Amino acid sequence: MSEVVKLERHDEVGIVTVNSPPVNALSAAVRGGILECIKAAIADPAIKGIVLTCAGRTFIAGADITEFGKPPKPPALNDVLSEIENSPKPVVAAIHGTALGGGLEVALACHFRVAVKEAKLGLPEVKLGLLPGAGGTQRLPRAVGPELAVKMIVGGDPIGAAEALKNGLIEEIVEGLASGGEAFVRKLLAEKRPLRRLRDDDSKLAAAKADRSIFTNAVAAMTKKSRGLEAPFAAADAVGYAIDLPFDEGLKKEREGFLKLVASDQSKAQRYAFFAEREANKIAGVPEGTKPRPVNRVAILGAGTMGGGIAMSFANAGVPVTLIETGEEQLKRGMGIMQKNWEATAARGGIPADAPAKRMALINGVVGIENVGDADLVIEAVFETMAVKKEVFGKLDQYAKPGAVLASNTSYLNIDEIAKSTKRPQDVLGMHFFSPANVMKLCEIVRADKTAPDALVTAVTIARKIAKVPAVVGVCDGFVGNRMLAQRGKQSEKLLFEGALPQQVDAVVTKFGMPMGPFAMSDLAGLDIGWRSRKDRGIKSEIADALCEAGRFGQKTGKGYYKYEQGSRAPLPDPDVEKLIDETLLRLGRKKRVVSDEEILERMMYPMINEGAKILEEGIAARPSDIDVVWLYGYGWPIYRGGPMFWADSVGLKHIADRLAFYAKETNDPSLEPAPLLKKLAAEGKTFASLAAESKAA
Ligand code: 3HC
Ligand code: NAI
């Protein structure tokens, strides 16, 4: 008898329950258990109808991702689904939690589906670089029509129970899961309702069979943002098979597409990213069972670029915020921007029409730091100078309630030093959000010397609550992300002095898959900030300085490394910049040479990986995968390349170390010398992944 799937009989109804925590994934044991129980229910003459349901927090959340890439174990999921679909007795899926991937495919093979109103149903395989591999691309279009099927399969986002009901994916929304499913079966039996096998029902495909543009338009809309990715296109093709081919042939072609993707580098990278994100929730060195402190209200200091975005993130998740500014003027401006942002999203249909008002009502804008008293977490997002931060934290010590977690959103500054300006350094840490803070998912949680474990757990927990991806890092200049980025910045600037142009460097970086190159990014952030800071520190950067002296501050002045047409953010190469660079090089007596795209890529990426190795050696990041999480969710690193450390393993650490040593010599730049850890791993023929596995085993 199966350990993880049970069959019970309630009079004439057989109840098959999957119980395989945490998410009832379809491991070989679960597949085998379902098959065994369905067969037993069919064979039992006392059973007239069957409910397939799950114990615990969710319906089946998909195939067991850890089994991918390993030798297949029987039974195959498609065989289990055939058994369900061929059952002469009605099989009803009773769904709660998230019916995802293979989970929804199981439900689609059932003759009917019911769900509780909180349930979500989806085929998120594309997010793992895959396509649904057990009939999802063939049965879902037959259940809801090709348009919605394309949206769900190519986009990968789930839909709620109400939308599922409206579109025929489920039959009913039920109150109680067990009783609802059972009652539905009894009703079917009483009505003698014929079984509905989606396999045999082409009615919802008729319109797209007659007019294929219904399908191709939906695909075009859903693949607009899929640059560089293989899976969304393969998934769309598979939905096309449902329209063009008989079911069995479509199923066979779907399977071929799935097997190809499972073996692809892209899917391996995306599956790695899935587990990397979850691994990052596990904080090294925190005693097991450490509980987060309750957070019922958050105070945010500063309603500027970051404070406003952070406040929006909390309000989006329903957490009340006290937003604090130094004056009415600044407060009004900050509140106005939030309102406008939400209204624009509502106008696009991204959130309900009444959401902006509801979310604004969660934000209490006030003047004066003395208003932090009722907050359980305070996030400081004021100006980036140590003196200001220290003054603010000194005041927080005075006004914040005992036990409140005190966080700084500083980009670079030393949290240990900030903590010293309070008498409660155990409550102080960094919560470093990324701009635009209401959009970017990363939150670097900076653990300072004296940060208490429960303060750290509180920050990680609340970050997840507001749909951010937390990564715990240590104190250093720029933490993980900005510290690595600085190495790239240094090389991109040097490349201009050697003969490369901004557009050439940026093109290499965007071709690799990053959303923006370093120079377009500088133009977006504004060149004047760095210029002023260099002046204060008596440092020169000849080309950047010359641009600023010419009034080219980036997008805000319509000119920077690029030129911009009125009202456009598209960077256009500017012959004036080329001239300015040439003149600067001439003045400095520098010789131009042809810089290859290959060199640009190596000098953009390898120094970052080198810095990543130093970050690991110093214990600033606990695992290579945490560094990858930072880059995936804070800087738009292409998910199909897994993150810089994962990518480095695929390139080969020896190659990277050799090339760094070469460039260090060639460009007379000691900062490019390979880090000791990188050298060691390269010499031993190891990878960052093997390092992670060794330290996990230790
Ligand atoms: N396989 C293996 N492990 C899984 C898993 C899966 N499908 N889904 C979740 N897990 C694990 C996680 O790694 C985590 O393990 P850990 O505690 O050791 O870190 C644990 O289950 C809990 O997961 P979360 O922390 O993500 O829990 P949440 O409650 O936040 O989210 C969830 C639950 C929404 C189900 C989320 O885990 C999720 O999105 N899972 C993946 C769903 C998915 O992609 N399904 C499709 C798989 S591919 C497929 O089905 C192919 C088919 O077409 C043949
Ligand atoms: P900003 O200049 O847009 O906003 C700062 C706001 O803080 C201003 O509105 C100012 O009036 C207010 N302020 C100053 N002192 C205050 C005080 N004592 N109490 C309450 N409010 C006060 O600056 P921005 O860009 O939002 O940066 C804030 C912090 O976030 C900085 O530490 C910065 O390094 C960090 N950061 C910035 C990012 C960015 O891309 N802009 C990204 C990540 C972090």
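The values are calculated or read from the model by the stated rules, or taken from the named source; none is laboratory data. Small disclaimer: the values here were computed from a predicted structure and weren't measured. Neighbour counts are summed over all protein chains in view; Cβ atoms, including those assigned to glycine, are modelled from backbone coordinates with ideal geometry. All accessible areas refer to the heavy atoms of the entire protein, side chains included, with ligands and DNA or RNA removed. Shrake-Rupley method; radii C 1.70, N 1.55, O 1.52, S 1.80 Å.
Listed by chain and number, the lysines whose C-alpha is less than 23 Å from the C-alpha of K390, apart from same-chain residues fewer than 8 away, are K401, K420, K423, K450.
Which percent, nearest 5, of DSSP beta bridges in the chain are antiparallel? Antiparallel bridges: around 25 percent, rounded to the nearest 5.
Here is the tail figure for segment 400-559: Cα pairs spaced more than 28 Å apart come to 35 percent of all pairs. Within straight cross-link reach of K490, meaning Cα distance under 12 Å, which aspartates and glutamates are found once same-chain residues fewer than 8 apart are removed? Straight-line reach from K490, under 12 Å: D669.
Using a Debye calculation, one point per C-alpha and no hydration shell, please list log10 I(q)/I(0) for segment 237-371 at q = 0.14, 0.17, 0.20, 0.22 Å⁻¹ in order. Treating every Cα as an identical point scatterer, log10 I(q)/I(0) equals -0.83, -0.92, -1.06, -1.16.
Considering the convex hull of the alpha carbon atoms of the chain, report its projected area averaged over all viewing directions, in nm², one decimal. List each step's numbers first, then the result.
Details: hull surface 134.2 nm².
In nm², the orientation-averaged hull projection of the chain is 33.6.
Under 5 Å between amide H atoms, partner at least 5 residues away or on a different chain: which partners does T98 have, H built in plane at 1.01 Å? Correct list: F59, K120.
With a simple spin-label model that places each label point 7 Å from the Cα along the Cα-to-Cβ direction, the separation between K579 and K423 comes to 6.5 nm.
Past 19 Å, Cα to Cα: identify those pairs from K535/K614; K117/K166; K282/K389, in the order given. Before the final figure, lay out each step's value.
Details: K535/K614 29 Å; K117/K166 13 Å; K282/K389 29 Å.
Flagged as over cut-off: K535/K614; K282/K389.
A simple rule links phi to the HN-Hα coupling: the Karplus curve 6.51 cos²θ - 1.76 cosθ + 1.60 with θ = phi - 60°, which for segment 303-316 gives 10, x, 3, 7, x, x, x, 5, 4, 4, 4, 5, 5, 4 Hz, with x for Gly and Pro.
What net charge do the residues around P320 carry, taking every other residue with its C-beta under 10 Å from that of P320, with Lys and Arg at +1 and Asp and Glu at -1?
Numbers: positive: R297; negative: D374.
My count for the surroundings of P320 gives 0.
Using θ = phi - 60° and the Karplus relation 6.51 cos²θ - 1.76 cosθ + 1.60, list the HN-Hα couplings for segment 510-526 in order, rounded to whole Hz, with x at every Gly or Pro. Along segment 510-526, the couplings run 6, 5, 5, x, 6, x, 8, x, x, 7, 4, 5, 4, 4, 5, 6, x Hz. Relative to its Kirkwood radius, the Cα radius of gyration of segment 101-217 gives an Rg/Rh of 0.98.
Accessible surface calculations at 1.4 Å, restricted to protein heavy atoms, place the chain at 43 Å² per residue. Helical runs (DSSP H, four residues minimum) scored at -39500 (n - 2.57) apiece and divided by the length of the chain put the mean residue ellipticity at 222 nm at -15500 deg cm²/dmol.
Radius of gyration over Kirkwood radius for segment 5-263, both on Cα atoms: the Rg/Rh ratio is 0.95. Residue-wise HN-Hα couplings along segment 70-79, as the Karplus relation 6.51 cos²θ - 1.76 cosθ + 1.60 with θ = phi - 60° gives them from phi, are 9, x, x, 10, x, x, 5, 4, 4, 5 Hz; Gly and Pro carry x. Ignoring lysines fewer than eight residues from K563 along the same chain, the ones with Cα atoms less than 16 angstrom from its Cα are K579.
Counting only protein heavy atoms and using a 1.4 Å probe, what share of the accessible area of the chain belongs to carbon plus sulfur, as a whole percent? Spell out each step's value before the answer.
On the way: 16740 of 30350 Å².
Exposed carbon and sulfur together represent 55 percent of the surface.
Sites listed here are GluC sites (Glu not before Pro) in segment 606-648 whose DSSP assignment is loop and whose Cβ has at most 15 other Cβ atoms within 10 Å: E618.
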